[in-house]
1. Based on the mean of other beta carbon atoms within 10 Å per residue, what is the order of 511-522, 102-113, most packed first?
2. Assuming a ≥ b ≥ c are the square roots of the Cα gyration tensor eigenvalues, decide whether the stretch 360-464 counts as rounded (a/c under 1.5), prolate (otherwise, with a/b larger than b/c) or oblate.
3. Pulled fully out, how much extra length does the chain show between residue 60 and residue 438, if you take 0.36 nm times their separation in residues and subtract their Cα-Cα distance?
4. Which of the peptides 442-455, 347-360, 78-91 is most tightly packed, and how do the rest follow, going by the mean number of other Cβ atoms within 10 Å of each residue?
5. Given Cβ point charges of +1 (Lys, Arg) and -1 (Asp, Glu) and nothing else, what value in debye, to the nearest 20, does the dipole of the stretch 452-590 about its Cα centre take?
6. How would you order 56-69, 197-210 from highest to lowest mean count of nearby Cβ atoms within 10 Å?
7. Is the C-alpha gyration tensor of the stretch 226-340 telling us rounded, prolate or oblate? Criteria: a/c under 1.5 is rounded; beyond that, a/b larger than b/c is prolate, otherwise oblate.
8. Going by how many other beta carbons lie within 10 Å of each one, how would you line up 585, 285, fewest first?
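Here, each number is a calculation from the coordinates, and none is a lab measurement. Predicted model only: the values in this text are computed from it and were never measured. Here the Cβ is made from the backbone with ideal geometry for all residues, glycine too, and neighbour counts use every protein chain on show.
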Amino acid sequence: MCGIVGYVGPRQATPILVGGLRRLEYRGYDSAGLAVLDPTGHLEVSRSVGKLSALEQLLERQPLLGRVGIGHTRWATHGRPSEANAHPHRVGGVAVVHNGIIENYLDLKRRLQATGREFSSETDTEIVAHLVDEALNAGAPTLVEALRVALSQVVGAYALVVISERHPDEIVAAKNASPLVIGIGVGEMFLASDVPAMLEHTRDVIFLEEGEIAELRATGVKLSNLAGEPVTRASRRITWDAVQAEKNGYPHFMLKEIHEQPRAIADTLRGRLRLDTADAYLEGYEIDPRPLRRVVLVACGTSYHAGLVGKFMIESLARVPCEVDLASEFRYRDPVVGPNDLLIAISQSGETADTLAAVKEARARGGRVLAISNVVDSAIPRVSEGTVYTHAGPEIGVASTKCFTAQLAALALIAIHMGRRSGHLAAPEAAKLIAELAAIPTKMTTALTTLGDLADVAARYRDARDFLFLGRGTNFPIALEGALKLKEISYIHAEGYAAGEMKHGPIALVDDGVPVVVLAPRGPSYEKIISNLVQVRARNGRVIAVGTEGDQQLAEMAECVLFVPDVSPLLQPFMTVLPLQIMSYAIAVARGNDVDQPRNLAKSVTVE
């Protein structure tokens, strides 16, 4: 997600900061900015909407000169993309950049406004700049002490970096649940949200840990905790090259992106779920489901599978009829669309040609359109009434992983939002679901750790020529997605089926040479899916089961079992897709395939 950089030393800061932000562009952003302390100690801020090139053009016209500075690339969460909402945020002589979310910002904002303070943005980050400025005005002797006073009032996740005119020779930074890395140079210090931003200048780094604060001066860095107690930690030497750094040590982007899914889900949910009101917010877009005749989800490929899961979510929580259409077929069948239909277009790139055509067709016929996209201001959001952006960050691997689960998170938000407004999702049930949804990233992390690399599974099944994937309910779309992933990167023929359809034809394919992946987590369809598994076993099928952790009955019935944490049936796809992604990746690696760039495929399909 958003990128942070900082520099203090003898060189001009601006070129170093811009270069660092350039290295972090792969994380995704919609605005950028710098704050630099000039030679007299005066704070200058420059910000712009759009790509980094727009900021560079602004800096050419209005250069920022100075040897201490911070920079940021932002992807909107609180507040729309705009110059006013871009970081750094300045209050008095204080400038702040921030990744994360200040959960209690509304309460803090009301308290600060009551003292006469005025706000120039819609963001939660500006709160911190006010709190630090307030602490300095109240007599905090150092910038680090002012930040401690601010943080004592803050609830949330953050990577925060602060500079001040009153302390012009230093940068102060704090971390809680969002990454920050200190780079150690010779007579200069660097700071960033990720290692690639600094590799051009230093390979000696210190990773901040939870609840730590760093004070950076050109002569070195001092670490402490929130209580002010000193922290000692040796630096580490980074041996990766720039491309490896972007992969964060993983051998392939796809594997890195599989492991980024907990963060992608957390970022997509952040700022949109409110437990206190038991509601989900869509950044200014309101859906009143009561006059709606139906919802139509349109998408292609992996996004289509997300839409199939979304159908379950929307119909279950909002009780609004929902259809799922392949975007490539939508406009060619003379669709019936009118003002009481809401079309939700799902596209990772926001440029998918078939989905864009479906959106234009729906709008021409008077339908309402909401987009789900991972790319700000791409084509589909531009022609839609509103957009729910997935904050997954750029996905380099052609086979989608983190964008898929981020789309599931966006669809869950929409379903909760509609359910609360339709009256079918009561506050207690909504609060329970919101709490469980908020816990999904942690459970995904647990699942990824427990599953490991599945190299042993890959070795066992790498030579199979065909796979079948079976699922019921919300796991039927995951069976389709698992089959697609295996096809995309391993080049093994695979098909996904609703498990109840096995006896209507596909069971003829089962023998000891066809592995069958059965999605069998605990839930309403558990006994039925176990019955399907037994039918496969009776025909000498080799069963790979995905089940709820601790299910010994399932372990005894399958040749191989992959366990995931227990969640409610509506949210099971977040869990059950993980072993299928890892297994597909492991098999593709075992077969020697180009995992990140599989043959014949493109990342964004921009032609029909």
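1. Details: 511-522: 22.7, 102-113: 16.4.
With the highest mean Cβ count within 10 Å placed first, the list reads 511-522, 102-113.
2. Verdict is oblate for the stretch 360-464.
3. Working: separation 378, 0.36 × 378 = 136.08 nm, distance 4.34 nm.
My answer for the length gained is 131.7 nm.
4. On the way: 442-455: 16.6, 347-360: 24.0, 78-91: 20.9.
Highest-to-lowest ranking by the protection proxy: 347-360, 78-91, 442-455.
5. Working: 12 positive and 16 negative charges, 55 e Å.
Charge dipole, the stretch 452-590, about its Cα centre: 260 debye, nearest 20.
6. Numbers: 56-69: 16.6, 197-210: 18.6.
Going from most to least packed, we get 197-210, 56-69.
7. On the way: a/c = 4.09, a/b = 1.76, b/c = 2.33.
Oblate, since a/c reaches 1.5 and b/c is not below a/b.
8. Working: 585 28, 285 15.
Lowest to highest Cβ neighbour count: 285, 585.
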